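Let me begin by presenting the structure, written as structure tokens, before commenting on it.
The values are calculated or read from the model by the stated rules, or taken from the named source; none is laboratory data. From a predicted model like this one, the values you see are computed outputs, not experimental measurements. Cβ sites come from the backbone with ideal geometry, for glycine too, and all protein chains shown count toward neighbours.
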Amino acid sequence: MKNSISFLILFFLFATTVVAQVFPSQDWSYNEDPESDGWNLKKMEEFKQYIIDSTHITGYLIIHKGQIVFDYGNIEENSYIASCRKSVLSMLFGKYVDNGDVNLDETLNELGIQDVKEMLPIEKKASIKDLISARSGIYLTGSNGGDFRDFAPERGTKEPGSYWLYSNYDFNLAGYIFEQESGKNIYDDVEEQLAIPLGMQDWDRSLQRKYSDSTISVFPAYHMWFSTRDMARIGLLMLNQGKWNKKQVISEEWVNEMLKQRTTSGEMIENVPILKDLFSHYGYGYMWWLFENPTDERFKNAYSALGAMGQSISVFPEIDVVIAYKTNSVYGKSNSARITQLLLMNAVKLYEPK
């Protein structure tokens, strides 16, 4: 009898754990009683008013246990996600690292990489791993702006792997190498690896296009367009260690590799001092920003994809939460880095479990 009771208790706990996580099918479902799950409804209303009064956000979602507990704006429209694209590319790499098509230790010299400006011998020693962790030691100008290259040391002064600098040159080159080594177009692979398996509602392959200034670099920026609710699907996949329903879309091993800290916030601030007031709580992995040593347990092990103007896919594993928000660039509006961070920090604090 005692063993039977113990079995029933274990069965109940296991069943509760499984049922707690919901995956959207054709559409997202809404939590009809978020207050009973620990969400402060009064503060939620105040948060929505904050978004309206103090930000230019065009779409916002909070997902808890796979269901919507908060939404704002147009969550269906596709728009430019800026540097969130880099985190998406990082996810795509996993399949090819796992099957051996991509060797992260392979160097630019071994890969036969050439550009408009000749690379120095020391720069050609950089590996794919160095590129996706923003530690290449290459300080050439990328096809597009929006990075911290103004803080770059002189060329040839840093060994690859030894120094962090957020540079679009690294990320664009990583995209070029991804296509060279996988034999796949990035956008086709987003569709194959993510959009179709996750049942994205708004994915439009025809919107996706690269940007390049070939007088500067032959490596284009692989810009991406997603809806807020499809960005949330990406976050939910990451939250579940690469699994969607019962299918392992991205290997758990690769998810863990992406989220392994390669750079501390201290090093980032030392190399790029303006980050002290903007990103002082982040470290860096493989093209994901990692919350570092939070004092609030709700932020423990959290991580983000972040993009200019106000774009984010953020995951908070300790509380089973995904936050996705965006600012559509067609309206010519932008959010400051401070507001971008408050939109995450304040949202998580709406969750007050007893």
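So in the stretch 238-258, with the set limited to residues that are touching a strand residue (DSSP E or B) at 6+ places or on another chain (Cβ under 8 Å) and touching a residue at least 60 places away in the same chain (Cβ under 8 Å), which one is farthest from V97 (Cα to Cα)?
Looking at the filtered set, the residue picked out is L239.
If you take the residues in the stretch 303-330 that are among the aromatic types (F, W, Y) and under 19 Å from R229 (Cβ atoms), which one is surrounded by the most Cβ atoms within 10 Å (Cβ to Cβ)?
Ranking the candidates gives Y325 first.
Count, please, the residues in the stretch 119-138 that happen to be among the basic types (K, R) and under 16 Å from F219 (Cα atoms).
Residues meeting the conditions: 1.
Counting only residues that are in a helix (DSSP H, G or I) and either in contact with a Phe, Trp or Tyr (Cβ under 6 Å, 6 or more places away or on another chain) or surrounded by 15 or more Cβ atoms within 10 Å (Cβ to Cβ) (or both), how many does the stretch 87-103 have?
Qualifying residue count, the stretch 87-103: 11.
Which of the residues that make up the stretch 165-196 are more than 16 Å from T141 (Cα to Cα) and hydrophobic (A, V, I, L, M, F, W, C)?
Within the stretch 165-196, I177, F178, I186, V190, L194, A195, I196 meet the criteria.
Of everything in the stretch 282-302 that's assigned to a loop (DSSP other than H, G, I, E, B) and either among the hydroxyl-bearing types (S, T, Y) or more than 16 Å from the chain's Cα centre (by Cα) (or both), which residue is surrounded by the fewest Cβ atoms within 10 Å (Cβ to Cβ)?
Only one residue fits best here, namely T295.
Being farther than 28 Å from S25 by Cβ and not polar (S, T, N, Q), is that true of even one residue in the stretch 234-254?
There is no residue in the stretch 234-254 that is farther than 28 Å from S25 by Cβ and not polar (S, T, N, Q).
Residues of the stretch 240-276 being farther than 23 Å from V322 by Cβ, in contact with a helix residue (DSSP H, G or I) (Cβ under 8 Å, 6 or more places away or on another chain) and in a loop (DSSP other than H, G, I, E, B), which ones?
Within the stretch 240-276, just V272 meets the criteria.
Can you give me the number of residues within the stretch 331-349 that are surrounded by 23 or more Cβ atoms within 10 Å (Cβ to Cβ) and either touching a helix residue (DSSP H, G or I) at 6+ places or on another chain (Cβ under 6 Å) or among the charged types (D, E, K, R) (or both)?
So the answer is 0.
Could you list, in sequence order, all residues of the stretch 124-149 that are more than 20 Å from T215 (Cβ to Cβ) and either more than 19 Å from the chain's Cα centre (by Cα) or in a loop (DSSP other than H, G, I, E, B) (or both)?
If the condition is that a residue be more than 20 Å from T215 (Cβ to Cβ) and either more than 19 Å from the chain's Cα centre (by Cα) or in a loop (DSSP other than H, G, I, E, B) (or both), then K124, K125, A126, S127, S133, A134, R135, S136, G137, F148 are the ones that fit.
Going through the stretch 187-221 one residue at a time, which ones are closer than 19 Å to M91 by Cβ, assigned to a helix (DSSP H, G or I) and of a type in the set (S, T, N, Q)?
Q193
May I ask you to list pairs of residues, at least six apart or on different chains, whose Cβ atoms are under 7 Å apart, with the first in the stretch 132-149 being over 23 Å from M258 (Cβ atoms) and the second being surrounded by fewer than 19 Cβ atoms within 10 Å (Cβ to Cβ) and of a type in the set (A, V, I, L, M, F, W, C)?
T141/I216; S143/I216
Can you tell me which residue among E106, E77 is more than 18 Å from the chain's Cα centre (by Cα), within 16 Å of R229 (Cβ to Cβ) and surrounded by fewer than 19 Cβ atoms within 10 Å (Cβ to Cβ)?
Matching residue, one of E106, E77: E77.
Yes or no, residue by residue, for (1) part of a helix (DSSP H, G or I); (2) at pLDDT 95 or above:
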residue: V22; (1), (2): no, no
residue: S25; (1), (2): no, no
residue: W28; (1), (2): no, yes
residue: S36; (1), (2): yes, yes
residue: K43; (1), (2): yes, yes
residue: H56; (1), (2): no, yes
residue: L61; (1), (2): no, yes
residue: Y72; (1), (2): no, yes
